[in-house]
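These notes concern the structure reproduced below.
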Amino acid sequence: MHVIVIGAGLGGLCLAQRLRQDGISVSVHEQDPTPVFRDQGYRLHINADGRRALEHALPPRLWRLFLATAGTPGPRSVFLDEQLVPRWTAEAEPGPAPLAVDRLTLRQILLSGLDDIVTFGKTCTGFETTPTDAVATTNSRITAHFADGSTVTGDVLVAADGVNSVIRRQLLPHARVVDTGLRQLYGKIPLNDQTRELFSDDMFNVFTAIVGPRNAFIGVAPVEFPEPIHQAVLRHAPAVRLRAVQDYMTCSFGIRGEHLPRTDDELHRMTGAELRAMVLDLIDSWHPRVRRIVQEWDPASIFPAVLRTSVPIEAWPTTAVTLLGDAIHAMSPAGGVGANTALRDAATLADALNKAAHGRPLVTALRDYETATIDYGFAAVRASADNGHRFLGQNPLPTA
Ligand SMILES: Cc1cc2nc3c(=O)[nH]c(=O)nc-3n(C[C@H](O)[C@H](O)[C@H](O)COP(=O)(O)OP(=O)(O)OC[C@H]3O[C@@H](n4cnc5c(N)ncnc54)[C@H](O)[C@@H]3O)c2cc1C
C-alpha cells in the first residue's frame with residue numbers, strides 16, 4: 001500500500017512520521033518552496049490529543065526533542081477587561097499539562113528524517129481514480145496531478161492541504177468554508193528583562209484575553225523554551241537542524257472586520273508598523289499597560305488573517321481519497337484546537353491504515369476513520385464557532 005499525502009503541514013507530517021514508523025509506504029507533496037515560507041501564527045498550544053498523537057508518531061529521540069523545546073505555561077485561560085480588571089478564569093482540562101510550542105520548531109521536528117519522502121514546490125491541482133468509477137477496492141489506484149505537469153500514483157490519497165484544499169473542492173464540492181466576520185493580526189514580542197515587566201504573572205498562563213468594547217481583544221500567550229534550542233538538539237538529536245528562536249510572547253489583536261478602518265486588501269498591503277499604529281488608535285482608551293504591550297510588538301512579525309470556518313456536512317460515501325485537518329474541518333481559532341484536531345486525525349487515520357495493512361478492507365478502515373473525524377472534528381468546529389460567537393462576535397455557523 002502506498003499512501004500519498006498532499007500538504008506538509010502539521011497533520012500531513014504527523015501522519016507521515018507515524019506511517020514511516022509503522023513501515024507503510026508514504027510520500028508527502030507540499031506546494032510551498034521551503035518549510036519556512038508562510039505566515040501561520042507563532043505559538044501553538046498542544047493539548048492531550050495533540051500530545052498523544054505526537055508521542056505515537058515521533059521516533060523517541062524526536063519526541064524527547066519536542067518535549068525539550070516545549071514550554072509549560074500556567075494551565076489557565078484568563079480573561080481581563082480592557083482596564084486589566086480580571087473577569088474570569090477557565091481551568092485547564094484534567095490530564096497532562098498543556099504545552100506551548102513554537103510552530104516553526106514543531107514543523108522542523110516533524111520534518112526531521114523525512115527528507116526522502118517530502119517534496120517541496122509541488123502544487124496539487126486535482127486527482128483521478130482508475131478505474132474512474134472505483135471506490136477503495138484493492139484494484140483502484142489514485143493519481144494526484146501537480147501544477148508542474150508531474151503525477152504520483154498510489155492506493156490512498158490523503159488531503160492534508162489545509163483550509164483551501166483543492167482535493168476537498170473536487171471530492172466534496174458542496175462542503176463550504178465561510179467568513180467568520182473576524183479579522184486577526186498576529187505578531188510577537190521578544191521576552192527580555194524590559195518586556196517581561198509588562199506582563200503580569202497571570203499572563204504567563206496558556207492564554208490571556210484582554211477584551212474591550214465591540215468584542216475587540218488582545219490575546220497574549222508565552223512561548224518559553226525550557227533550555228536554549230541548540231542545547232536541546234545537542235542532548236537529544238544532534239543531527240536535527242532547528243532554527244534558533246528566543247523566548248517570546250505572542251500578541252494578537254482581533255475584531256470584527258467592519259470595526260476596522262481598513263479593508264482586507266488594505267490590511268494585506270500595510271506594513272507591520274502601520275498595522276501596529278492602527279491597533280494603537282483602536283485601543284486608545286485601554287489601560288496604558290495594554291498600549292505599552294502593543295507598542296512592543298515587533299513590526300516585522302505582524303501579519304493579518306481573515307478568519308474562516310468550515311460548515312459541518314453529513315458523511316459522504318467513502319473512497320480511497322480521504323481528508324484530514326483543516327482540509328475538512330477548518331475552525332475558528334476561538335477554541336484553540338485546530339492544530340490539535342489535525343494531529344488527532346493523523347493518529348486516527350494512521351490507526352485505520354495500519355488495520356488496512358493487516359487485512360481490514362481498506363474502504364472499511366477509511367470509513368472508520370471518517371466516521372470518527374466527522375464526529376469529533378465537526379464537534380470542535382461547532383464548539384469553536386459557539387465560543388467565537390459568544391466572546392468575539394463571530395458570525396453564527398450557517399444552518400443550511
Ligand atoms: C494565523 C493562525 C494562527 C493559528 N493559531 C493556532 C493555535 O494557536 N492553536 C491551534 O490549535 N491552531 C491554530 N491555528 C490553526 C492551525 O494552524 C490549523 O488548524 C492547523 O495548522 C491545521 O493543520 P493541517 O495540517 O490540516 O493544515 P496546515 O497546517 O494548514 O497545512 C496544510 C499544508 O498544505 C499545503 N498545501 C495547500 N494547498 C496545497 C496544494 N494544492 N498542493 C500541495 N500542498 C498544498 C500548505 O502549503 C500547507 O503546508 C492557527 C491558524 C492560523 C492561520
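Laboratory data are not the source of any read-out in this text; all were calculated from the coordinates shown. Remember, predicted model here, so these are calculated numbers, not experimental data. Here the Cβ is made from the backbone with ideal geometry for all residues, glycine too, and neighbour counts use every protein chain on show.
Ranking Thr263, Cys14, Val245 by Cα position along the charge dipole of the chain, where only Lys, Arg, Asp and Glu carry charges on their C-beta atoms, puts Cys14 farthest toward the positive end.
Here the contact order of the chain, divided by its residue count and restricted to Cα pairs under 8 Å and six or more residues apart, works out to 23 percent. Computed from Cα positions, the angle between helix 272-282 and the longest principal axis of the chain comes to roughly 60 degrees.
Of all DSSP beta bridges confined to the chain, the antiparallel ones make up roughly 70%.
Going by average Cβ neighbours within 10 Å, how do the peptides 386-392, 180-186, 259-265 rank, with the highest at the top? Kindly include the intermediate steps, with their values, before the conclusion.
Details: 386-392: 18.1, 180-186: 22.7, 259-265: 12.7.
Descending mean neighbour count gives 180-186, 386-392, 259-265.
Placing unit charges on C-beta atoms (Lys and Arg positive, Asp and Glu negative, everything else neutral), compute the dipole magnitude of the stretch 226-344 about its Cα centre in debye, rounded to 20. Could the numbers behind the result be given before it?
Working: 12 positive and 13 negative charges, 79 e Å.
Using Cβ point charges on Lys, Arg, Asp and Glu, the stretch 226-344 gives about 380 debye.
Relative to the longest principal axis of the Cα atoms of the chain, the long axis of helix 338-357 lies at roughly 20 degrees.
Computed from the Cα positions only, the extents of the stretch 1-65 along the three principal axes stand at 34, 29, 19 Å, in decreasing order.
A cut-off of 5 Å between modelled amide H atoms, ignoring neighbours fewer than 5 places along the same chain, links Leu323 with Ala159.
Every Cα-Cα pair of the stretch 2-392 was included, and the share exceeding 26 Å stands at 53 percent.
Going by how many other Cβ atoms sit within 10 Å of their own, how do Lys188, Lys122, Lys355 line up, fewest first?
Numbers: Lys188 25, Lys122 21, Lys355 17.
By the 10 Å Cβ count, ascending: Lys355, Lys122, Lys188.
The packing ranking of peptides 108-118, 87-97, highest mean first, is 108-118, 87-97, where packing means the average number of other beta carbon atoms within 10 angstrom of each residue. Helix content alone sets the calculated 222 nm mean residue ellipticity of the chain: runs of n ≥ 4 DSSP H residues at -39500 (n - 2.57) each, divided across all residues, give -10000 deg cm²/dmol. What the phi angles of the stretch 87-98 give under the Karplus curve with 6.51, -1.76 and 1.60, with θ = phi - 60°, is a coupling list of 10, 6, 9, 10, 6, 5, 5, x, x, x, 4, x Hz, glycine and proline written as x. Of the peptides 227-240, 356-369, the ranking by mean beta-carbon count within 10 Å, highest at the top, reads 356-369, 227-240. Only Cα sites of the stretch 89-198 enter the Debye sum here, all with the same form factor; the resulting log10 I(q)/I(0) across q = 0.13, 0.15, 0.23 1/Å is -0.85, -1.00, -1.33, listed in q order. Taking the Cα centre of the chain as origin and assigning +1 to Lys and Arg Cβ atoms and -1 to Asp and Glu Cβ atoms, the resulting dipole is close to 300 debye.
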